[in-house]
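Asker: This structure is in structure tokens; I'll ask about it shortly.
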Amino acid sequence: MFRKCLASLALAPVPSPVSIPRITPVASQLIHRRSVHQVPPEGRPPKILITGGLGQLGIECAKLLRTQYGSENVILSDIIKPSQSVLENGPYIFADILDFKGLQKIVVNHRIDWLIHFSALLSAVGEQNVPLAVRVNIEGVHNVIELAKQYRLRIFVPSTIGAFGPDSPRNPTPNVTIQRPRTIYGVSKVHAELIGEYYYHKFGLDFRCLRFPGVISSDPPGGGTTDYAVAVFHDALRHGKYTCYLRPDTRLPMMYIEDCLRALLEFMRAPNELLKRRVYNVTAMSFTPEELVAELGNHVPNLHVIYKPDSRQLIADSWPEVFDDSDARKDWHWQHKYDLTNLVDFMVKDVQENYINVQPEQQKLQI
């Protein structure tokens, strides 16, 4: 499904990457000068591979990038059977991030230039299956980073507020501070940040990473601790009630999906000379469940919410309350668009249109 809220992103002017000169790499022993890959050869649009593409961000990210670079230049991939609508919107291939030779074949055959790596087990799901989270979140990152080094790709790996822990300052949480997460999801993201920075300094890899807050979209929740802020819309609009697994006063940083994807696009296109670091915090707002419920109550007047904190409360209590993204705003001019009020307005419309008011046969096609 195409989210109408993303239409403005497709129309927004973004500086062309073609004007950025390509920098010749130097030997890894002399990499102190940080030669990094800038654009594809011959000035052509980049060929982009998105891994874990059927998760919360992948499909919408592909739609946005296809408006910028053309449908055939953005390849969505996953190990899941895609819906018909996914197949109709552009190239889709099977890609297992644990199969290094298979990934090599994809990069060579499709002349990939940029790799956007979304494959990961989220916080709550990862705690339920730690060995699998280690394989997917850590071994998978090793594969794609080594692949990016070998073929001189620009690589984006998202990080998270979960990369911080109870010893980190929580209000605000600066870009550089102590990181001691207590979930395998957070540990794996810190690992990805550090190994990406290492490959940048050692080999000149064009590694880019944004620490996202909770990302809110109309897609059903996928196992993250911040997903209450998605589930509440579905339950409230269907049933007029919701049971929240966090305390009502649990403040967490959040971001609407349109802001999230725009941040990713702007960051990927930012000239290297603007980037003072390889990992940046980005955010839009912070709110609590009770603040979100109060705003949603303007659309669902008789909304009834009860709070039953579970194990996810312990995770949330170790995460930032307010994210300091001043470095991103200063270095590459990040600006958010959505606050709590218009986030709720768009979410109500989007969930109603795409999930509540659709026919049963349409729902089957969306799965």
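The values are calculated or read from the model by the stated rules, or taken from the named source; none is laboratory data. Given the structure is predicted, the values throughout are model-derived calculations rather than measurements. Neighbour counts are summed over all protein chains in view; Cβ atoms, including those assigned to glycine, are modelled from backbone coordinates with ideal geometry. Ligands, DNA and RNA are stripped out before the accessible areas are found, and what is left, the full protein with its side chains, is counted by its heavy atoms. Shrake-Rupley method; radii C 1.70, N 1.55, O 1.52, S 1.80 Å.
Asker: Hey, what do the phi angles of segment 230-243 turn into as Karplus ³J(HN,Hα) couplings, whole Hz, using 6.51/-1.76/1.60 and θ = phi - 60°, x for Gly and Pro?
Answerer: Karplus values, whole Hz, x for Gly and Pro: 9, 4, 4, 5, 5, 6, 5, 6, 8, 10, x, 8, 7, 10.
Asker: Need the list of lysines near Lys330 for cross-linking: C-alpha distance under 21 angstrom, and skip anything on the same chain fewer than eight residues off.
Answerer: Within the straight-line limit of under 21 Å, Lys330 reaches these lysines: Lys276.
Asker: What whole-number distance in Å separates the alpha-carbon centres of segment 48-89 and segment 246-323?
Answerer: A separation of 24 Å, based on Cα centres.
Asker: Ignoring everything but the protein chains, give the 1.4 Å probe accessible area of Glu127 in square angstrom, nearest 10.
Answerer: About 80 Å², rounded to the nearest 10.
Asker: Counting only residues 5 or more places away or on other chains, whose amide H sits under 5 Å from the amide H of Asp206 once H atoms are built in the peptide plane?
Answerer: Under 5 Å from the amide H of Asp206: His37, Ile155.
Asker: Need the list of lysines near Lys308 for cross-linking: C-alpha distance under 27 angstrom, and skip anything on the same chain fewer than eight residues off.
Answerer: Correct list for Lys308: Lys241.
Asker: Quick check: residue separation of Glu291 and Asn109 times 0.36 nm, minus the Cα distance between them. What number comes out in nm?
Answerer: Stretched fully, the Glu291-Asn109 segment lengthens by 60.6 nm.
Asker: Report Asp350's accessible area, 1.4 Å probe, all protein chains in place, as a number in Å² to the nearest 10.
Answerer: About 10 Å², rounded to the nearest 10.
Asker: With a 1.4 Å probe and all protein chains in place, put Leu264, Leu132 in order of accessible area, largest first.
Answerer: Leu132, Leu264
Asker: For Asn298 and Glu197, what is the calculated FRET efficiency with R₀ set at 51 Å and r taken between the beta-carbons, to the nearest 0.05?
Answerer: 0.70
Asker: Also, quick follow-up: For segment 120-356, what are Rg and Dmax over the alpha carbons, in angstrom?
Answerer: 18.0, 58
Asker: Could I ask something else about it? Go ahead and run the numbers for FRET between Ala231 and Ile93, Cβ-Cβ distance against an R0 of 51 Å, rounding to 0.05.
Answerer: With R0 = 51 Å, the Cβ-Cβ based efficiency is 0.95.
Asker: How much accessible area does Leu87 have with a 1.4 Å probe, in Å² rounded to the nearest 10?
Answerer: 90
Asker: With a 1.4 Å probe and all protein chains kept in place, how do Ser123, Ser71 rank by accessible area, largest first?
Answerer: Output order, biggest surface exposure first: Ser71, Ser123.
Asker: Compactness ratio of segment 217-314: Cα Rg over 2.2 N^0.38 Å, N = residue count?
Answerer: Working it through for segment 217-314, the quotient is 1.29.
Asker: Bin by bin, in steps of 10 Å, what percent of the Cα pairs in segment 151-257 do you find, going until the bin that has the longest distance?
Answerer: Distribution as computed: 13, 37, 30, 15, 4, 0 percent.
Asker: Now for a separate question. Enter the angle in degrees (range 0 to 90, nearest 10) between the Cα long axis of helix 257-269 and the first principal axis of the Cα atoms of the chain, meaning the one along which they spread out most.
Answerer: 10
Asker: Out of all Cα-Cα pairs in segment 181-220, roughly what percent, to the nearest whole number, are more than 16 Å apart?
Answerer: The calculated P(r) of segment 181-220 puts 51 percent of pairs beyond 16 Å.
Asker: Pull up the cross-link candidates among the lysines for Lys202, meaning alpha carbon to alpha carbon under 16 Å and not fewer than 8 places away within one chain.
Answerer: Once the sequence-local lysines are set aside, what remains near Lys202 is Lys149.
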